[in-house]
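All remarks here apply to the structure that follows.
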Amino acid sequence: MAIMNIDENLEAILEKIDTNETVPESEPERQYYYIKLLRKLISDRSTALGRPLTACVQTFGCQMNAKDSEKLLGILTAAGFEETESEAADFVLYNTCTVRDNANQRVYGRLGYLNALKKENRNMIIAICGCMTQEPSVVEKLKKSYRFIDIIFGTHNIFQLAELLYERMTADEMVVNVWDGTDKIVEELPAVRKYPFKSGVNIMYGCNNFCTYCIVPYVRGRERSRRPEEIINEIKRLVGEGVKEVMLLGQNVNSYGKTLDEPVSFAQLLKMVEQIEGLERIRFMTSHPKDLSDELIEVMKNSKKICRHLHLPLQSGSSRILKAMNRRYDKEKYLALARKIKSEIPDISLTTDIIVGFPGETEEDFLETMDVVEKVRYDSAFTFIYSKRTGTPAAAMEQVPEEDVKDRFNRLLDRVQKISAEVCTKDTGKVMSALVEGVDSHDSSMVTGRLSNNIMVHFKGDASLIGEIVDVRLDEAKGFYYIGSRV
Ligand code: SAH
Ligand code: SF4
Ligand code: F3S
């Protein structure tokens, strides 16, 4: 079950709020005021129904989206909802993704199912937020054809959930509130955590890179870094609550801190995080190759805590396509960087993202991508078929015929899978430390642990090991995971 972050604080904060006074203008006080009002509303409804009210938050996107969901669920539980995994709940919130069209289609399909559930429970409240709702065309469609939705909000104002929900519960109409952008970062609201032993930590929001295929900068806004003190304090608090591993989150962590009043590099931030006593592992996501510094390689190399894993999105191996994508590195620069990282940190695991079928991609361009795959030999690679996103520059470029894209995609997938199965045998027989994440879903006499290099290992053990870091011998490679035994 989820863990509440600032539980004791919450009661103390709410205690001081007088809901007979006017609504505070400043944040986060304003949201606490609404949380207190909601508590009364929800407790009255729950008394009338003779049961608790339930809330379900579904995440459709990336780690940053998942982190937002933890914040959203924190607000809901603070307001008096009981968390449930089931969508047959009193409040259902879809936190959406729009990076590729299939993410959107999944949401539309599932909304139809929610509508059916709402017919069974007249009081059900349905809300949708996240990257999809930052697109005006999506909001128009939802308002027109999905009238059963109660609340629509965006990525910039997730902290306002209590206020928007209160508005919906006290007036009988759809609440739509999406901001175009923001320079405000509202933190210090209640949050829950999915795992007691590991947590994502936002170090920055938004993206300034405008890769020509990508919609993220449009729906997440401009790059904003959090101040190092705030990040360090949050991690210290998490460690105090039992967290052993943090994942520092940002669309491009390598450009962290450039816009702060007192600029700090990502490598410097990592050094500060390393000092935190009790913290055992540090991960981060995502590194843009164009900004990956020698300083970062050096810090990783000398670190005892930074995990031996680097996700280094390639996108394409063709310098011509990389230029059209506005990635600001070419094939040679990428290969040189991968080589340097591997020679400095030989036990590192490299993973990547690759897009097939970007507009104008020819067979030759595709073979350049295959060539990089052969040369780098990734531990694993996420492969995507290019998806046209409205409003991005690439949407207006000449698209590649579908059959060609499918054929290339299958060839690429086949190759990356074979290579990754070969690469993932290299540590067989070695003893490595694993953070136990849970009981194996297929065999309850086994547990599943994550190695520093992000590969999973299954070995005999029970639930008492969850959250522990233990030494495991990797007995047998199974393609993309190991079977091991505790030593
Ligand atoms: N900020 C991260 C990526 C976030 S999106 C980075 O720059 O690495 C995650 C991945 O989705 C991207 O790396 C890219 O491979 C893929 N992606 C983004 N837009 C896409 C599109 N329009 N079609 C297909 N894949 C896309
Ligand atoms: Fe998208 Fe590029 Fe920003 Fe990553 S760096 S989020 S791919 S625009
Ligand atoms: Fe998707 Fe938004 Fe993340 S578009 S990938 S949820 S930033």
Cys in the chain lacking any partner Cβ under 4.7 Å -> C56, C62, C97, C129, C131, C207, C307, C424
Toy charge model, Lys and Arg Cβ at +1, Asp and Glu Cβ at -1: the chain dipole around Cα centroid in debye, rounded to 20, equals 720
Relative contact order of the chain (C-alpha contacts under 8 Å, at least 6 apart) in percent is 10
Nearest 10, in degrees from 0 to 90: the angle of helix 228-240 to the longest Cα principal axis of the chain is 80
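What GluC sites (Glu not before Pro) in the range 244-285 are in a loop by DSSP, with at most 10 other Cβ atoms within 10 Å of the Cβ?
Working: sites: E245, E274, E277, E280; in loops: E277, E280.
Those satisfying the criteria are E277.
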Over the Cα atoms of the chain the radius of gyration and the largest Cα-Cα distance (Dmax), both in Å, equal 23.5, 69
Most packed first (mean Cβ within 10 Å per residue), the peptides 182-193, 149-160 order as 149-160, 182-193
At the level of C-alpha centres, the distance separating the range 105-168 and the range 47-77, in angstrom, is 14
Expressed in angstrom, Rg and Dmax over the Cα atoms of the range 321-362 are 12.8, 37
Cα-based Rg/(2.2 N^0.38 Å) for the range 1-125, rounded to two decimals, is 1.18
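Rounded, prolate or oblate: which fits the range 163-220, taking a ≥ b ≥ c as square roots of the Cα gyration tensor eigenvalues, rounded meaning a/c under 1.5, else prolate when a/b beats b/c?
oblate
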Dividing the surface of the Cα convex hull of the range 119-236 by four yields a projected area in nm² of 9.9
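Considering all alpha-carbon pairs of the range 259-348, what whole percent are spaced by more than 15 angstrom?
63
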Taking every C-alpha to C-alpha distance in the range 448-487 and binning by 5 Å from 0, the per-bin percentages run 6, 25, 39, 21, 8, 1
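So which chymotrypsin sites (Phe, Trp or Tyr not before Pro) in the range 443-487 are both in a DSSP loop and have at most 13 other Cβ atoms within 10 Å of their Cβ?
Here no loop site has a sparse enough neighbourhood.
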Quick calc: nm separation of the 7 Å Cα→Cβ label points for A66 and K388 -> 3.2
In whole Hz, the Karplus estimates of ³J(HN,Hα) for the range 57-69 (6.51, -1.76, 1.60; θ = phi - 60°; x where Gly or Pro) are 10, 10, 9, 10, x, 7, 4, 6, 5, 5, 5, 4, 4
Projected convex hull area of the range 341-443, Cα atoms, direction-averaged, in nm², equals 10.1
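Viscosity 0.692 mPa s, temperature 37 °C: Stokes-Einstein D of the range 374-433 from its Kirkwood Cα radius, in µm² per second?
230
Values in this text are rule-based calculations from the coordinates and carry no lab data. Keep in mind it's a predicted model, so treat the numbers as computed, not measured. Here the Cβ is made from the backbone with ideal geometry for all residues, glycine too, and neighbour counts use every protein chain on show.
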